[in-house]
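Reviewing the structure listed below.
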Amino acid sequence: MNKLIYLDNASSTPCDQRIIKGILLFFSKNYANPSNITNTLGIDANTAISLARNKVAKLFNCLPQNIIWTSGATESNNIALQGVFKKYKKLNQKSKYHIITSSIEHKSVLETLKSLQDVDISFIKPDSDGITHLKDIENCINENTFLISIMMANNELGVLNDIEVIGKICQKRNILFHSDATQAIGKLPIDLNKLNIDLLSFSGHKIYAPKGVGALYIKDPSIISPLYYGGGQEWGYRPGTLNVPGIVGLGIACEIFQSDQNTESLKIRNLRDIFESEIVKLNKNIIINRVKAQRVSNISNVSFPIKKGISIINNINLIACSSGSACDTLDHIPSHVLTEIGKSILEAKNTIRFSLGRFTKIEDIKNAIEYIKEILKIY
(Lines give C-alpha, C1' and ligand atoms only; values in the text may rest on other atoms or scores of the structure.)
Protein backbone atom coordinates (compact mmCIF):
# COMPACT_ATOMS: atom_id res chain seq x y z
CA MET A 1 0.00 0.00 0.00
CA ASN A 2 1.46 3.35 -1.01
CA LYS A 3 -1.62 5.52 -1.40
CA LEU A 4 -2.42 7.97 1.40
CA ILE A 5 -5.53 7.08 3.40
CA TYR A 6 -7.25 10.26 4.53
CA LEU A 7 -8.62 9.91 8.06
CA ASP A 8 -8.17 13.51 9.18
CA ASN A 9 -11.55 15.03 8.37
CA ALA A 10 -11.78 16.76 11.76
CA SER A 11 -8.81 18.87 10.63
CA SER A 12 -10.19 19.62 7.19
CA THR A 13 -12.46 18.01 4.64
CA PRO A 14 -12.03 17.81 0.87
CA CYS A 15 -14.23 20.24 -1.00
CA ASP A 16 -17.33 18.47 -2.29
CA GLN A 17 -17.50 18.42 -6.09
CA ARG A 18 -21.07 19.73 -5.94
CA ILE A 19 -19.75 22.75 -4.03
CA ILE A 20 -16.84 23.27 -6.42
CA LYS A 21 -19.28 23.25 -9.33
CA GLY A 22 -21.45 25.83 -7.60
CA ILE A 23 -18.66 28.29 -6.81
CA LEU A 24 -16.51 28.24 -9.97
CA LEU A 25 -18.70 30.93 -11.54
CA PHE A 26 -17.62 33.38 -8.84
CA PHE A 27 -13.93 32.93 -9.57
CA SER A 28 -14.11 33.51 -13.31
CA LYS A 29 -17.33 34.90 -14.76
CA ASN A 30 -18.74 36.83 -11.82
CA TYR A 31 -15.81 38.26 -9.91
CA ALA A 32 -17.61 41.44 -8.82
CA ASN A 33 -17.58 42.97 -5.37
CA PRO A 34 -21.01 42.21 -3.81
CA SER A 35 -20.96 45.56 -2.02
CA ASN A 36 -21.10 47.36 -5.36
CA ILE A 37 -24.66 47.02 -6.63
CA THR A 38 -24.37 49.69 -9.32
CA ASN A 39 -23.80 46.97 -11.93
CA THR A 40 -25.45 43.65 -12.74
CA LEU A 41 -22.42 41.54 -11.72
CA GLY A 42 -22.35 43.18 -8.30
CA ILE A 43 -26.10 42.70 -7.91
CA ASP A 44 -25.79 39.01 -8.83
CA ALA A 45 -22.93 38.51 -6.37
CA ASN A 46 -24.92 40.26 -3.66
CA THR A 47 -27.91 38.04 -4.41
CA ALA A 48 -25.71 34.94 -4.15
CA ILE A 49 -24.54 36.13 -0.71
CA SER A 50 -28.16 36.53 0.42
CA LEU A 51 -29.12 33.09 -0.87
CA ALA A 52 -26.19 31.52 0.98
CA ARG A 53 -27.16 33.34 4.18
CA ASN A 54 -30.69 31.97 3.83
CA LYS A 55 -29.35 28.42 3.43
CA VAL A 56 -27.25 28.67 6.57
CA ALA A 57 -30.14 30.20 8.50
CA LYS A 58 -32.47 27.45 7.32
CA LEU A 59 -30.08 24.78 8.58
CA PHE A 60 -29.96 26.40 12.03
CA ASN A 61 -33.63 27.47 12.07
CA CYS A 62 -32.74 31.09 12.70
CA LEU A 63 -33.17 34.41 10.91
CA PRO A 64 -30.76 35.22 8.04
CA GLN A 65 -29.82 38.54 9.69
CA ASN A 66 -28.48 36.56 12.68
CA ILE A 67 -25.67 35.16 10.51
CA ILE A 68 -22.49 37.13 9.76
CA TRP A 69 -19.69 35.85 7.55
CA THR A 70 -16.14 35.41 8.84
CA SER A 71 -12.94 33.69 7.71
CA GLY A 72 -13.63 30.72 9.98
CA ALA A 73 -14.32 29.60 13.54
CA THR A 74 -11.14 31.15 14.97
CA GLU A 75 -12.20 34.59 13.82
CA SER A 76 -15.80 33.91 14.84
CA ASN A 77 -14.66 32.98 18.34
CA ASN A 78 -12.55 36.12 18.60
CA ILE A 79 -15.34 38.40 17.39
CA ALA A 80 -17.83 36.74 19.76
CA LEU A 81 -15.73 36.69 22.92
CA GLN A 82 -13.89 39.97 22.53
CA GLY A 83 -16.93 41.73 21.11
CA VAL A 84 -19.24 40.66 23.93
CA PHE A 85 -16.75 41.70 26.60
CA LYS A 86 -16.14 45.03 24.91
CA LYS A 87 -19.87 45.78 24.82
CA TYR A 88 -20.62 44.45 28.30
CA LYS A 89 -17.77 46.44 29.86
CA LYS A 90 -19.02 49.59 28.16
CA LEU A 91 -22.54 49.13 29.52
CA ASN A 92 -21.64 47.74 32.94
CA GLN A 93 -18.94 49.57 34.83
CA LYS A 94 -17.79 46.99 37.38
CA SER A 95 -14.64 46.31 39.33
CA LYS A 96 -14.74 42.63 38.36
CA TYR A 97 -15.94 40.64 35.37
CA HIS A 98 -16.24 36.85 35.25
CA ILE A 99 -16.37 34.32 32.40
CA ILE A 100 -16.75 30.54 32.61
CA THR A 101 -15.34 28.08 30.09
CA SER A 102 -13.85 24.58 30.06
CA SER A 103 -10.14 23.81 30.10
CA ILE A 104 -10.40 21.71 26.91
CA GLU A 105 -11.86 24.29 24.57
CA HIS A 106 -10.14 24.97 21.25
CA LYS A 107 -7.11 27.23 21.54
CA SER A 108 -8.96 30.01 19.69
CA VAL A 109 -11.31 30.21 22.68
CA LEU A 110 -8.77 29.64 25.45
CA GLU A 111 -6.17 32.08 24.11
CA THR A 112 -8.77 34.73 23.29
CA LEU A 113 -10.16 34.60 26.82
CA LYS A 114 -6.67 34.74 28.34
CA SER A 115 -5.98 37.91 26.34
CA LEU A 116 -8.87 39.80 27.93
CA GLN A 117 -7.87 42.27 30.61
CA ASP A 118 -9.71 42.82 33.90
CA VAL A 119 -11.54 39.50 33.61
CA ASP A 120 -11.54 36.52 35.94
CA ILE A 121 -11.74 33.29 33.93
CA SER A 122 -12.90 30.00 35.44
CA PHE A 123 -11.44 27.12 33.39
CA ILE A 124 -13.53 24.12 34.42
CA LYS A 125 -11.69 20.81 34.30
CA PRO A 126 -13.79 18.11 32.60
CA ASP A 127 -14.24 14.56 33.82
CA SER A 128 -12.17 11.70 32.39
CA ASP A 129 -14.60 11.43 29.48
CA GLY A 130 -14.06 15.07 28.53
CA ILE A 131 -17.52 16.14 29.68
CA THR A 132 -18.00 19.50 31.40
CA HIS A 133 -20.39 18.79 34.25
CA LEU A 134 -23.41 20.99 34.78
CA LYS A 135 -22.88 21.13 38.55
CA ASP A 136 -19.35 22.45 38.03
CA ILE A 137 -20.70 25.19 35.81
CA GLU A 138 -23.40 26.15 38.30
CA ASN A 139 -20.92 26.13 41.19
CA CYS A 140 -18.65 28.56 39.31
CA ILE A 141 -21.35 31.15 38.64
CA ASN A 142 -21.12 34.29 40.74
CA GLU A 143 -22.62 37.78 40.69
CA ASN A 144 -20.03 38.97 38.16
CA THR A 145 -20.53 36.13 35.65
CA PHE A 146 -21.79 37.54 32.36
CA LEU A 147 -20.65 34.93 29.80
CA ILE A 148 -20.25 31.15 29.54
CA SER A 149 -18.44 29.57 26.58
CA ILE A 150 -18.68 25.78 26.18
CA MET A 151 -18.04 23.91 22.93
CA MET A 152 -20.75 21.70 21.49
CA ALA A 153 -18.44 18.82 20.53
CA ASN A 154 -14.80 18.44 21.52
CA ASN A 155 -12.48 18.60 18.52
CA GLU A 156 -10.20 15.77 19.70
CA LEU A 157 -12.45 13.35 21.58
CA GLY A 158 -15.68 14.06 19.73
CA VAL A 159 -17.64 14.00 23.00
CA LEU A 160 -20.80 16.10 23.23
CA ASN A 161 -21.71 18.53 25.99
CA ASP A 162 -25.31 19.05 27.11
CA ILE A 163 -25.67 22.38 25.36
CA GLU A 164 -29.44 22.49 25.78
CA VAL A 165 -29.25 22.32 29.59
CA ILE A 166 -26.28 24.72 29.76
CA GLY A 167 -28.35 27.15 27.72
CA LYS A 168 -31.21 26.87 30.22
CA ILE A 169 -28.82 27.55 33.09
CA CYS A 170 -27.60 30.69 31.31
CA GLN A 171 -31.13 31.82 30.54
CA LYS A 172 -32.21 31.35 34.14
CA ARG A 173 -29.24 33.33 35.47
CA ASN A 174 -29.33 36.01 32.74
CA ILE A 175 -25.88 35.01 31.45
CA LEU A 176 -24.83 35.14 27.80
CA PHE A 177 -23.97 31.79 26.22
CA HIS A 178 -21.42 31.18 23.44
CA SER A 179 -20.75 27.79 21.87
CA ASP A 180 -18.08 26.72 19.39
CA ALA A 181 -19.99 24.30 17.16
CA THR A 182 -17.18 23.69 14.67
CA GLN A 183 -17.05 19.91 15.13
CA ALA A 184 -20.79 19.51 15.65
CA ILE A 185 -22.13 21.17 12.50
CA GLY A 186 -22.58 18.61 9.77
CA LYS A 187 -22.73 15.80 12.34
CA LEU A 188 -25.98 16.49 14.20
CA PRO A 189 -28.98 18.79 13.83
CA ILE A 190 -28.73 22.18 15.57
CA ASP A 191 -31.98 24.08 16.09
CA LEU A 192 -31.15 27.54 17.40
CA ASN A 193 -34.83 28.28 17.86
CA LYS A 194 -34.90 25.64 20.62
CA LEU A 195 -31.46 26.18 22.13
CA ASN A 196 -30.71 29.20 24.29
CA ILE A 197 -27.47 30.13 22.52
CA ASP A 198 -26.53 33.78 22.06
CA LEU A 199 -23.45 33.23 19.88
CA LEU A 200 -22.39 30.22 17.83
CA SER A 201 -19.21 29.78 15.77
CA PHE A 202 -18.24 27.40 12.97
CA SER A 203 -16.01 26.91 9.92
CA GLY A 204 -16.76 25.89 6.36
CA HIS A 205 -13.77 23.63 5.79
CA LYS A 206 -15.06 21.07 8.30
CA ILE A 207 -18.17 20.46 6.19
CA TYR A 208 -16.71 20.17 2.66
CA ALA A 209 -16.78 23.90 1.86
CA PRO A 210 -13.60 25.85 1.00
CA LYS A 211 -11.10 26.98 3.61
CA GLY A 212 -11.12 30.61 4.68
CA VAL A 213 -14.85 30.97 5.29
CA GLY A 214 -17.00 30.58 8.38
CA ALA A 215 -19.85 32.23 10.19
CA LEU A 216 -20.95 33.59 13.53
CA TYR A 217 -24.54 33.41 14.72
CA ILE A 218 -25.51 36.43 16.84
CA LYS A 219 -28.94 36.16 18.44
CA ASP A 220 -29.13 39.83 19.46
CA PRO A 221 -26.79 42.36 17.80
CA SER A 222 -27.03 44.65 20.83
CA ILE A 223 -24.84 42.28 22.92
CA ILE A 224 -21.70 42.76 20.84
CA SER A 225 -19.37 45.57 19.75
CA PRO A 226 -17.32 45.40 16.54
CA LEU A 227 -13.60 44.68 16.69
CA TYR A 228 -12.78 45.95 13.20
CA TYR A 229 -13.63 49.18 11.45
CA GLY A 230 -13.83 50.18 7.82
CA GLY A 231 -16.61 49.28 5.43
CA GLY A 232 -20.16 48.58 6.48
CA GLN A 233 -20.23 44.92 5.45
CA GLU A 234 -21.97 42.47 7.77
CA TRP A 235 -23.75 45.30 9.58
CA GLY A 236 -20.36 46.62 10.68
CA TYR A 237 -19.51 43.58 12.79
CA ARG A 238 -17.07 42.15 10.26
CA PRO A 239 -16.22 44.82 7.67
CA GLY A 240 -14.22 43.95 4.58
CA THR A 241 -14.83 42.65 1.07
CA LEU A 242 -16.74 39.40 1.27
CA ASN A 243 -15.33 36.06 0.09
CA VAL A 244 -18.10 35.35 -2.40
CA PRO A 245 -16.95 31.88 -3.61
CA GLY A 246 -16.34 30.72 -0.05
CA ILE A 247 -19.67 32.04 1.20
CA VAL A 248 -21.59 30.50 -1.68
CA GLY A 249 -19.78 27.22 -0.99
CA LEU A 250 -20.68 27.34 2.70
CA GLY A 251 -24.31 27.88 1.81
CA ILE A 252 -24.30 24.87 -0.51
CA ALA A 253 -22.55 22.78 2.16
CA CYS A 254 -25.33 23.57 4.64
CA GLU A 255 -27.96 22.79 2.03
CA ILE A 256 -26.36 19.40 1.27
CA PHE A 257 -26.10 18.48 4.93
CA GLN A 258 -29.73 19.37 5.57
CA SER A 259 -30.89 16.98 2.85
CA ASP A 260 -28.45 14.12 3.60
CA GLN A 261 -27.77 14.39 7.34
CA ASN A 262 -29.53 11.23 8.52
CA THR A 263 -28.11 8.80 5.98
CA GLU A 264 -24.63 10.34 5.99
CA SER A 265 -24.23 10.35 9.77
CA LEU A 266 -25.36 6.72 9.98
CA LYS A 267 -22.94 5.65 7.24
CA ILE A 268 -19.99 7.39 8.88
CA ARG A 269 -20.88 6.04 12.33
CA ASN A 270 -21.02 2.49 10.96
CA LEU A 271 -17.58 2.88 9.40
CA ARG A 272 -16.18 4.32 12.63
CA ASP A 273 -17.60 1.41 14.62
CA ILE A 274 -15.97 -1.07 12.23
CA PHE A 275 -12.66 0.78 12.52
CA GLU A 276 -12.78 0.77 16.32
CA SER A 277 -13.82 -2.88 16.60
CA GLU A 278 -10.96 -3.95 14.33
CA ILE A 279 -8.21 -1.75 15.74
CA VAL A 280 -8.60 -3.01 19.31
CA LYS A 281 -8.01 -6.54 18.00
CA LEU A 282 -4.48 -5.57 16.95
CA ASN A 283 -3.20 -5.18 20.51
CA LYS A 284 -4.88 -5.75 23.88
CA ASN A 285 -3.44 -2.46 25.18
CA ILE A 286 -4.99 -0.27 22.49
CA ILE A 287 -7.67 1.97 24.01
CA ILE A 288 -10.53 3.77 22.28
CA ASN A 289 -10.90 6.88 24.39
CA ARG A 290 -14.36 7.83 25.63
CA VAL A 291 -15.99 5.03 23.66
CA LYS A 292 -19.03 4.98 25.97
CA ALA A 293 -19.58 8.74 25.96
CA GLN A 294 -22.01 10.40 23.61
CA ARG A 295 -19.91 11.42 20.61
CA VAL A 296 -20.16 12.83 17.12
CA SER A 297 -20.18 10.10 14.50
CA ASN A 298 -16.83 10.67 12.81
CA ILE A 299 -14.11 10.94 15.49
CA SER A 300 -12.17 8.04 16.97
CA ASN A 301 -9.50 8.91 19.55
CA VAL A 302 -7.11 5.99 19.98
CA SER A 303 -4.31 5.50 22.54
CA PHE A 304 -1.56 3.09 21.55
CA PRO A 305 0.79 1.26 23.93
CA ILE A 306 3.94 3.20 24.82
CA LYS A 307 7.16 1.74 23.42
CA LYS A 308 10.42 3.34 24.53
CA GLY A 309 8.79 6.74 24.75
CA ILE A 310 8.47 6.95 20.95
CA SER A 311 5.32 8.39 19.42
CA ILE A 312 3.67 5.98 17.01
CA ILE A 313 2.44 8.84 14.83
CA ASN A 314 6.01 9.40 13.64
CA ASN A 315 5.82 6.02 11.90
CA ILE A 316 2.38 6.33 10.39
CA ASN A 317 3.20 7.95 7.09
CA LEU A 318 0.46 6.58 4.87
CA ILE A 319 -2.52 7.58 7.01
CA ALA A 320 -3.49 11.22 7.34
CA CYS A 321 -4.42 11.60 11.02
CA SER A 322 -3.65 13.89 13.97
CA SER A 323 -1.98 13.80 17.35
CA GLY A 324 -4.24 16.26 19.13
CA SER A 325 -5.72 19.08 17.09
CA ALA A 326 -4.09 20.40 13.94
CA CYS A 327 -3.03 23.52 15.87
CA ASP A 328 -1.25 21.49 18.56
CA THR A 329 0.49 19.39 15.91
CA LEU A 330 2.08 22.53 14.48
CA ASP A 331 3.35 23.48 17.92
CA HIS A 332 4.76 19.97 18.59
CA ILE A 333 3.24 19.98 22.05
CA PRO A 334 1.14 17.27 23.71
CA SER A 335 -2.60 17.74 23.51
CA HIS A 336 -3.98 19.91 26.33
CA VAL A 337 -7.26 18.04 25.94
CA LEU A 338 -5.67 14.68 26.69
CA THR A 339 -3.57 15.90 29.60
CA GLU A 340 -6.61 17.62 31.10
CA ILE A 341 -8.57 14.35 31.11
CA GLY A 342 -5.74 12.56 32.87
CA LYS A 343 -3.40 11.29 30.17
CA SER A 344 0.34 11.50 30.83
CA ILE A 345 2.55 13.32 28.34
CA LEU A 346 3.75 9.99 26.94
CA GLU A 347 0.18 8.70 26.68
CA ALA A 348 -0.87 11.89 24.94
CA LYS A 349 1.98 11.58 22.44
CA ASN A 350 0.88 8.03 21.68
CA THR A 351 -2.75 8.98 21.12
CA ILE A 352 -4.06 9.58 17.62
CA ARG A 353 -7.27 11.15 16.39
CA PHE A 354 -8.67 9.37 13.35
CA SER A 355 -11.61 11.18 11.80
CA LEU A 356 -13.80 9.88 9.01
CA GLY A 357 -15.87 11.79 6.51
CA ARG A 358 -18.31 11.80 3.62
CA PHE A 359 -15.84 10.24 1.21
CA THR A 360 -14.38 7.58 3.52
CA LYS A 361 -14.91 4.08 2.14
CA ILE A 362 -14.86 0.65 3.77
CA GLU A 363 -11.71 -0.06 1.75
CA ASP A 364 -10.02 2.87 3.49
CA ILE A 365 -10.88 1.36 6.86
CA LYS A 366 -9.61 -2.08 5.91
CA ASN A 367 -6.39 -0.70 4.44
CA ALA A 368 -5.80 1.50 7.47
CA ILE A 369 -6.19 -1.46 9.84
CA GLU A 370 -3.76 -3.57 7.80
CA TYR A 371 -1.25 -0.76 7.68
CA ILE A 372 -1.44 -0.10 11.43
CA LYS A 373 -1.06 -3.84 12.00
CA GLU A 374 2.23 -3.80 10.11
CA ILE A 375 3.41 -0.66 11.94
CA LEU A 376 2.75 -2.28 15.30
CA LYS A 377 5.07 -5.17 14.38
CA ILE A 378 8.07 -2.84 14.18
CA TYR A 379 6.91 -0.23 16.66
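The values are calculated or read from the model by the stated rules, or taken from the named source; none is laboratory data. Nothing here was measured: the structure is a model prediction, and the numbers come from that model. We place every Cβ from the backbone using ideal geometry, glycine too, and count neighbours over all the protein chains shown. SASA here: full protein model, heavy atoms, side chains in, ligands and nucleic acids out. Shrake-Rupley method; radii C 1.70, N 1.55, O 1.52, S 1.80 Å.
Could you please find all residues in segment 62-71 being in contact with a Gly (Cβ under 6 Å, 6 or more places away or on another chain) and open to solvent by less than 30 Å² (accessible area, probe 1.4 Å)? Steps first, please.
Step one: filter segment 62-71 for residues in contact with a Gly (Cβ under 6 Å, 6 or more places away or on another chain), giving 70-71.
Within segment 62-71, just Thr70 meets the criteria.
Within the set of pairs 6 or more residues apart or between chains, which connect a residue that is in contact (Cβ under 8 Å) with a residue 40 or more places away in the chain and of a type in the set (Gly, Ala, Ser) inside segment 192-211 to a residue that is in a loop (DSSP other than H, G, I, E, B) and crowded, with 24+ Cβ neighbours inside 10 Å with Cβ atoms less than 6 Å apart?
Ser203/Thr182; Gly204/Val213
Under 7 Å by Cβ, and 6 or more places apart or on different chains, what pairs join a residue from segment 48-64 that is modelled with pLDDT of 95 or more with one that is among the acidic types (Asp, Glu) and not in a helix (DSSP H, G or I)?
Close Cβ pairs satisfying both conditions: Asn61/Asp191.
Could you tell me whether segment 90-98 includes any residue that is among the charged types (D, E, K, R), out of contact with any His (no Cβ under 8 Å at 6 or more places or on another chain), outside any loop (DSSP other than H, G, I, E, B) and surrounded by fewer than 21 Cβ atoms within 10 Å (Cβ to Cβ)? Lay out the reasoning, then the answer.
So the first thing to find is which residues in segment 90-98 are among the charged types (D, E, K, R), and the list is 90, 94, 96.
Of the ones still in play, those that are also out of contact with any His (no Cβ under 8 Å at 6 or more places or on another chain) are 90, 94, 96.
Next, only the ones that are outside any loop (DSSP other than H, G, I, E, B) stay: 90.
Remaining after also requiring surrounded by fewer than 21 Cβ atoms within 10 Å (Cβ to Cβ): 90.
Within segment 90-98 (the criterion being among the charged types (D, E, K, R), out of contact with any His (no Cβ under 8 Å at 6 or more places or on another chain), outside any loop (DSSP other than H, G, I, E, B) and surrounded by fewer than 21 Cβ atoms within 10 Å (Cβ to Cβ)), the answer is yes, since at least one residue qualifies.
Among the residues of segment 141-152, are any among the aromatic types (Phe, Trp, Tyr) and either under 30 Å from Lys21 (Cα atoms) or without any contact (Cβ under 8 Å) to a residue 24 or more places away in the chain (or both)? Give the derivation first.
Going through segment 141-152, the residues among the aromatic types (Phe, Trp, Tyr) turn out to be 146.
Checking the rest, the ones that are also either under 30 Å from Lys21 (Cα atoms) or without any contact (Cβ under 8 Å) to a residue 24 or more places away in the chain (or both) come to none.
No, segment 141-152 contains no residue that is among the aromatic types (Phe, Trp, Tyr) and either under 30 Å from Lys21 (Cα atoms) or without any contact (Cβ under 8 Å) to a residue 24 or more places away in the chain (or both).
Among the residues of segment 19-36, write down those that are in a loop (DSSP other than H, G, I, E, B) and open to solvent by less than 100 Å² (accessible area, probe 1.4 Å).
Scanning segment 19-36 gives Leu24, Asn30, Ala32, Asn33, Pro34, Ser35, Asn36.
In segment 230-268, what residues are in a helix (DSSP H, G or I), open to solvent by 30 Å² or more (accessible area, probe 1.4 Å) and not aromatic (Phe, Trp, Tyr)?
Of the residues in segment 230-268, the ones in a helix (DSSP H, G or I) are 233-236, 244-268.
Subset that is open to solvent by 30 Å² or more (accessible area, probe 1.4 Å): 233, 235, 255, 258-263, 266-267.
Those that are in a helix (DSSP H, G or I), open to solvent by 30 Å² or more (accessible area, probe 1.4 Å) and not aromatic (Phe, Trp, Tyr): Gln233, Glu255, Gln258, Ser259, Asp260, Gln261, Asn262, Thr263, Leu266, Lys267.
Please state which one of Asp16, Asp44 is touching a residue at least 24 places away in the same chain (Cβ under 8 Å), surrounded by 15 or more Cβ atoms within 10 Å (Cβ to Cβ) and acidic (Asp, Glu). Walk me through it before giving the result.
Values: Asp44 fails: touching a residue at least 24 places away in the same chain (Cβ under 8 Å).
Within the list Asp16, Asp44, the selection yields Asp16.
Check Phe60, Phe26 and return the single one that is over 25 Å from the mean Cα position of the chain (by Cα) and of a type outside the set (Ser, Thr, Tyr). So that I can check it myself, show each step before the final result.
Numbers: Phe60 fails: over 25 Å from the mean Cα position of the chain (by Cα).
One residue alone meets the criteria, Phe26.
For segment 208-223, what are the residues that are more than 17 Å from Trp235 (Cα to Cα) and surrounded by 24 or more Cβ atoms within 10 Å (Cβ to Cβ)?
Step one: of segment 208-223, the residues more than 17 Å from Trp235 (Cα to Cα) are 208-213.
Tyr208, Ala209, Val213, listed by residue number.
Which of (1) open to solvent by less than 20 Å² (accessible area, probe 1.4 Å); (2) farther than 20 Å from Glu138 by Cβ; (3) among the β-branched types (Val, Ile, Thr) is the odd one out, the single condition Thr74 does not satisfy?
Going through (1) open to solvent by less than 20 Å² (accessible area, probe 1.4 Å); (2) farther than 20 Å from Glu138 by Cβ; (3) among the β-branched types (Val, Ile, Thr) one by one, Thr74 breaks only (1).
With respect to the numbered conditions (1) within 20 Å of the chain's Cα centre (by Cα); (2) farther than 20 Å from Asn61 by Cβ, which one is the sole condition not fulfilled by Lys187?
Here Lys187 meets the rest and fails (2).
Of all residues in segment 199-218, which are touching a helix residue (DSSP H, G or I) at 6+ places or on another chain (Cβ under 6 Å) and part of a loop (DSSP other than H, G, I, E, B)?
Gly204, Ile207, Tyr208, Ala209, Pro210, Gly212, Val213
Can you tell me which residue is modelled with the lowest pLDDT among those in segment 269-316 that are part of a loop (DSSP other than H, G, I, E, B) and touching an Asp or Glu at 6+ places or on another chain (Cβ under 8 Å)?
Looking only at segment 269-316, we keep the residues that are part of a loop (DSSP other than H, G, I, E, B), and these are 280-286, 289-294, 296-298, 304-306, 308-309, 311, 315-316.
Imposing the further condition that a residue be touching an Asp or Glu at 6+ places or on another chain (Cβ under 8 Å) reduces the set to 290-293, 306.
Values: Arg290: 87, Val291: 83, Lys292: 83, Ala293: 87, Ile306: 80.
Here the answer is Ile306.
If you check Ser355, Ser323, Ser335, which single one turns out to be of a type outside the set (Lys, Arg), within 22 Å of Asn2 (Cα to Cα) and at pLDDT below 95?
On the way: Ser355 fails: at pLDDT below 95; Ser335 fails: within 22 Å of Asn2 (Cα to Cα).
None of the other options fit; the residue is Ser323.
Given (1) over 21 Å from Lys366 (Cα atoms); (2) surrounded by fewer than 16 Cβ atoms within 10 Å (Cβ to Cβ), identify the lone condition not met by Arg290.
(2)
Leu59 fails exactly one of the following numbered conditions: (1) under 15 Å from Glu234 (Cβ atoms); (2) in a helix (DSSP H, G or I); (3) open to solvent by less than 30 Å² (accessible area, probe 1.4 Å). What is the number of that condition?
(1)
If Leu271 satisfies all but one of (1) in contact (Cβ under 8 Å) with a residue 12 or more places away in the chain; (2) surrounded by fewer than 16 Cβ atoms within 10 Å (Cβ to Cβ), what's the number of the condition it fails?
Of the numbered conditions (1) in contact (Cβ under 8 Å) with a residue 12 or more places away in the chain; (2) surrounded by fewer than 16 Cβ atoms within 10 Å (Cβ to Cβ), the odd one out for Leu271 is (2).
Kindly indicate whether Lys168 is under 30 Å from Asp16 (Cα atoms), modelled with pLDDT of 95 or more, over 16 Å from the mean Cα position of the chain (by Cα) and not aliphatic (A, V, I, L, M).
Details: under 30 Å from Asp16 (Cα atoms): no; modelled with pLDDT of 95 or more: yes; over 16 Å from the mean Cα position of the chain (by Cα): yes; not aliphatic (A, V, I, L, M): yes.
In short, no.
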